[in-house]
Structure formats: C-alpha cells, structure tokens
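> Just dropping this structure here.
The numbers here are math on the coordinates, done by the rules we state, and not lab data. Just so we're clear, the structure is a prediction, and the values are computed from it rather than from any experiment. Counting neighbours? That spans all protein chains shown, and the Cβs are built from the backbone with ideal geometry, glycine included.
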C-alpha cells in the first residue's frame with residue numbers, strides 16, 4: 001500500500017477475497033479509498049477508464065481463481081484500448097499447499113497474452129521495484145494493463161524495516177527525427193487533395209496540445225475515427241465527419257477523393273476507418289509508435305515521436321505554403337447535411353438521429369457521454385458532434401458489451417461537477433447493471449439512458465443484412481423503472497419523443513442516480529446504413545478539373 005501511495009494512487013476498485021485479507025487490512029489503514037464493486041469485471045472497466053481519462057494507471061484488486069479470471073475482459077479492454085491499468089490479484093500460498101489445488105489457476109499465464117507485463121511477487125522486499133516497474137510499463141507508449149499476483153503467504157509476511165520506496169520521475173518522449181519531418185512535409189506540399197485523420201492515440205491526455213494547432217495552421221480538413229472524436233473541436237469549419245463505418249459512408253466521399261491522408265494517432269486495433277488498396281491515396285503515419293502494417297493499412301511514410309511537439313515542428317515546415325490545403329472543403333457541407341438527415345423527426349419510438357440530436361441538446365460542451373456497445377454506437381460516432389477530447393467515451397477496439405455503465409461511473413467520480421450520461425442498450429446494460437447499487441452507494445450524480453428494444457440489436461441488424469432469418473436475438477426485460485428503484489435510484493420511462501429532453505434535464509438537475517428507459521426505432525439502421533449508402537449517388541462531387 002505504501003508503494004501504491006508512492007505512485008499517487010487514491011482509489012482501488014474491486015472485490016477482495018480471503019487470499020488478500022492482509023492486503024485489505026493494509027488498505028484500511030492507508031490513504032487509499034476502496035471502491036467495492038459488485039463484480040470484478042466492472043472494477044477493471046473502471047480502473048481502465050481512470051487510465052484513459054487521466055493518463056495515470058487505475059488500480060483494481062481481486063482474489064485468486066474465479067475473481068482473477070473475471071478481470072480478463074477488462075484486461076483485454078485496456079490492452080486493445082491502450083488504457084494504463086494495474087491489476088492486483090491474490091493467490092494461495094506458495095511456500096506451502098495446505099489446500100492442494102483448490103481454486104488454483106495459473107493466473108500469471110492466463111494474463112500473459114492480455115497484458116504488457118504479468119509477474120508474481122515472491123518476496124516482500126521486491127515490492128517497491130515491482131510496483132514502480134508496473135506503473136512505468138503501464139504508462140509508457142503504448143499504454144496498457146499490467147498484472148501483479150500477490151500470494152497469501154507473501155502478503156502476510158511482516159517486513160521490518162520496510163524496504164525503501166522508489167520515487168517516480170517524469171519521462172519525456174523524444175520528438176520525431178528531422179529527416180522524417182522533412183519527408184512528411186515534402187509529401188504534404190506535393191499533395192493536391194490532402195486530408196487529416198485523427199485516430200485513437202490522439203485522445204491521450206498528453207496528446208491534445210499541438211493537434212488543433214497543426215490543423216488550424218495548415219488549413220487541411222480533417223475527419224476522425226470513432227475513438228479520435230473531440231481531439232480537435234468538431235465545431236471547427238475544417239471538420240469533415242467521423243468514420244463510423246469502414247467504407248461507403250458519406251465521409252468516405254472525402255476519403256476516396258483524397259490523394260494524401262495524414263493519419264495522426266491511428267491504432268490498427270480500432271475497426272478500420274478506411275481500407276487501403278492499390279491505387280488509393282498515399283498515407284503518412286504520425287504517432288508515438290511505428291505503424292502496424294496490416295492488409296488494409298500500410299503507410300508510405302512514418303513520423304514517430306511525441307505527437308504534440310512533432311506536429312508543431314511539422315506545421316513550422318508547412319504554414320502558409322499549402323495553397324491546395326482546402327481542396328476537399330467543398331464536400332463538407334453536403335457530407336454533414338446527409339449525416340444529419342431526419343434528426344428532427346417527431347415519430348415515436350424516436351429514431352437514432354433524433355436521439356443523438358436531443359442528447360447533444362441536453363449535454364453541455366464538457367458533458368461526458370459514455371457508450372456501451374451496440375447499434376447506437378455507430379449513430380453516435382457519425383452524428384454526435386464533440387468539441388472537447390474524451391467527452392464521448394466509446395470502445396471501438398475490443399468493442400465489448402457491459403463497459404458503458406462502469407465507464408460512466410468512473411467519469412462521474414473524476415468529474416463531479418460535469419454532466420455524465422451512460423447510454424446502454426438493454427442487452428449491454430443488464431450485463432453489469434448490478435453496479436447501479438455501487439453508483440447509488442457512492443453518491444454519484446449519473447444518468448443512465450437504457451435503449452429498450454428487447455433484442456441484441458446490432459447482431460440482429462447484421463443477421464438481417466446478411467439475409468438470415470430473424471432467430472436467437474430477442475429477450476424479455478424487467479420493468480426498468482422498478483428495477484432502478486430497487487437499487488435506490490430514480491426510474492423514468494419515456495412515452496413520447498417530446499418527453500426525452502425534459503426528462504433528462506429534470507434528472508440532471510435533481511442529482512443522484514437516474515435511469516431513463518426509452519424505446520428506439522431501429523428501422524433506420526437498414527434504411528440509412530444499408531439501402532441509402534448502397535444507392536449513394538455522386539451528389540457531393542467537387543467542381544473543377546482537379547477531380548475529373
């Protein structure tokens with residue numbers, strides 16, 4: 001606990017067990033708060049989201065065997081999402097085996113493919129170095145989860161005098177090499193129709209400085225991946241949209257016509273925002289780490305280094321030297337107009353477009369929307385405009401269900417003065433809905449919007465698109481209003497489209513935990529995302545000979 005305090009840890013999330021009762025007693029007498037959850041998986045989601053939002057590893061604690069294995073989805077969530085996290089699990093004693101093989105699983109081996117580092121602590125004297133190394137590894141690029149296993153007998157040892165702690169120190173990331181910057185600048189200067197893409201790594205807390213400056217100094221229009229939203233204000237007149245699909249969407253009008261894409265912070269664990277192929281645009285990869293070459297992503301040049309300072313130096317080479325920087329801008333108005341189509345319709349149940357519009361109306365610029373995983377994620381990625389980084393939290397890497405509520409809870413804990421809204425499908429919500437009790441117990445101010453369609457909607461949509469019969473996707477739901485009240489929260493059910501905004505406003509003004517259940521009309525999934533895009537006409541063509 002002293003080593004964790006030394007790292008600045010103020011909260012640990014989890015469910016302890018008998019194998020870490022000594023750890024629990026040390027935690028009780030420390031300055032660190034125990035956030036007791038109702039399942040280990042959401043504890044990992046909360047710790048990972050802490051890392052995502054602060055850049056400092058969140059910490060979660062479980063017992064051995066079944067408790068430890070309940071962390072694996074959270075470990076993969078942090079690994080693919082590049083979120084720094086430290087997991088501490090218990091284990092039976094290693095100096096004796098009085099219970100033989102009872103509950104013993106090789107957790108270190110199980111965690112190896114899901115973490116950056118996994119270690120068993122075999123001596124109390126090594127704890128300061130192992131903890132310091134765990135936090136260093138979790139935070140360094142590319143960030144991710146680290147696992148430490150603490151056996152029961154090692155945890156119970158008295159250590160006198162306690163070993164000296166190792167003070168953390170900042171580590172600066174090198175700026176990109178001048179030769180790489182010169183090569184990238186030459187390619188950008190030669191481009192006829194350049195386009196910037198902002199990917200997942202641009203959402204790192206340290207990355208946002210320098211991004212907006214580069215876009216505005218060069219005047220090159222930009223689009224974002226789903227996890228790159230908000231890193232440059234979406235209200236900028238250079239914003240072209242978000243790639244919620246891999247191809248054929250309206251933003252791909254610009255992508256398909258670009259002759260150079262400057263991919264800043266793209267991480268190929270994210271579902272591809274566009275597909276490279278023969279005859280496509282040249283791509284410059286700018287990020288903290290070299291590109292992973294994939295079948296659909298093979299950049300022609302790389303700029304590797306601390307993103308913000310590297311972009312500042314690249315902008316120094318380009319500013320006021322790009323007369324063709326805005327060549328794709330005539331497409332912008334048509335793209336954004338098509339995406340916002342039917343957002344004002346009053347029909348009930350509401351369409352996804354109307355849902356996004358109303359929530360954008362309710363949420364201030366600094367309000368945080370945390371999405372679970374489902375069909376609505378595509379609509380929010382396409383249609384929800386952001387002006388600040390990390391105000392739309394979604395997972396486009398592991399894309400797991402069940403993370404929306406815990407992620408929102410963490411955001412509410414870190415930002416008690418801001419509006420926080422969790423948006424969950426009924427399927428994803430019920431995977432970790434027991435954490436409503438945790439949210440109430442912690443006194444959080446949080447609104448949970450549950451989209452009630454009685455089905456695994458995204459898979460049902462894909463089943464329909466692929467011409468399979470409707471089978472195996474529907475289920476029944478509890479009365480969500482009474483369900484919320486059973487946990488001590490307030491429940492609301494929307495019975496008309498016009499009720500959504502005032503109900504959400506009332507919930508936010510009242511404070512505390514509220515659940516708002518609303519049905520949704522998902523017929524728009526096929527109409528817009530399949531039929532309309534298949535029939536897309538080249539109505540957004542640029543004037544002039546440059547695209548002839």
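> When N is the residue count of region 304-353, what does its C-alpha Rg come to as a fraction of 2.2 N^0.38 Å?
Rounded to two decimals, the normalised Rg is 1.99.
> Compute the helix-to-body angle for 307-318: its Cα long axis versus the longest principal axis of the chain, expressed 0 to 90° and rounded to tens.
That works out to roughly 20 degrees.
> Starting from the eigenvalues of the Cα gyration tensor, five times each then square-rooted, give me the equivalent ellipsoid semi-axes of region 20-103, largest first, whole Å.
24, 16, 10
> Considering only DSSP beta bridges where both residues belong to the chain, give the percentage that are antiparallel (nearest 5).
For the chain, the DSSP antiparallel bridge percentage is about 5.
> May I ask you to derive the relative contact order of region 35-80, considering only C-alpha pairs under 8 Å and at least 6 residues apart, and to give it as an integer percent?
RCO, region 35-80: 45 percent.
> For 495, 282, what ranking results if the residue with the fewest other Cβ atoms within 10 Å of its Cβ goes first?
If I rank by nearby Cβ atoms, fewest first, I get 495, 282.
> How would you rank 171, 494, 166, going from fewest to most other Cβ atoms within 10 Å of each one's own Cβ?
171, 166, 494
> Roughly how tilted is helix 352-362, in degrees to the nearest 10 and between 0 and 90, from the longest Cα axis of the chain?
70 degrees
> Quick one: angle between helix 404-414 and the longest Cα principal axis of the chain, in degrees between 0 and 90, rounded to 10, please.
80 degrees
> If I take the Cα coordinates of region 340-531 and project them onto the principal axes, what are the three extents in Å, biggest first?
Projected onto the principal axes, the Cα atoms of region 340-531 cover 47, 34, 34 Å.
> What FRET efficiency comes out for the pair residue 216/residue 479, r = Cβ-Cβ distance, R0 = 45 Å, nearest 0.05?
0.35
> Right, here's the next one. log10 I(q)/I(0), Debye, Cα-only region 166-214, no solvent, q = 0.17 Å⁻¹?
-0.76
> Something else: Going by average Cβ neighbours within 10 Å, how do the peptides 525-532, 259-266, 346-353 rank, with the highest at the top?
259-266, 346-353, 525-532
> Moving to a separate point now. Largest first and in whole Å, give the semi-axes of region 161-243's equivalent ellipsoid, each being the square root of 5 times a Cα gyration tensor eigenvalue.
Equivalent-ellipsoid dimensions as semi-axes: 33, 19, 10 Å.
> Output the peptides 286-296, 34-44, 403-413, 514-524 sorted from most to least packed, where packing is the average of other Cβ atoms within 10 Å over each peptide's residues.
403-413, 34-44, 514-524, 286-296
> Looking at region 236-371 only, what percent of DSSP beta bridges run antiparallel? Nearest 5 please.
So the antiparallel bridges amount to about 10 percent of the total.
> Taking only C-alpha pairs under 8 Å that are 6+ residues apart, what is the relative contact order of region 178-331 in percent?
Relative contact order comes out at 32 percent.
> Using R₀ = 25 Å, calculate the FRET efficiency as 1/(1 + (r/R₀)^6) where r is the Cβ-Cβ separation of residue 345 and residue 495; round to 0.05.
For residue 345 and residue 495, the calculated efficiency is 0.90.
> Sticking with the crude label model, points 7 Å out along Cα→Cβ, report the distance from residue 248 to residue 534 in nm, one decimal please.
According to this spin-label approximation, the distance is 0.7 nm.
> Something else now. When only C-alpha pairs under 8 Å and at least 6 residues apart count, what is the relative contact order of region 93-161, in percent?
Over region 93-161, the number comes to 41 percent.
> I'd like the antiparallel share, as a percent to the nearest 5, of DSSP beta bridges with both residues in region 406-548.
Within region 406-548, antiparallel bridges account for around 5 percent of the total.
> If you project the alpha carbons of region 433-476 onto the principal axes, what extent comes out on each, in Å, largest first?
47, 16, 11
> For the peptides 391-401, 466-476, 325-335, what is the packing order when you average, over each peptide's residues, the other Cβ atoms within 10 Å and list the highest mean first?
391-401, 325-335, 466-476
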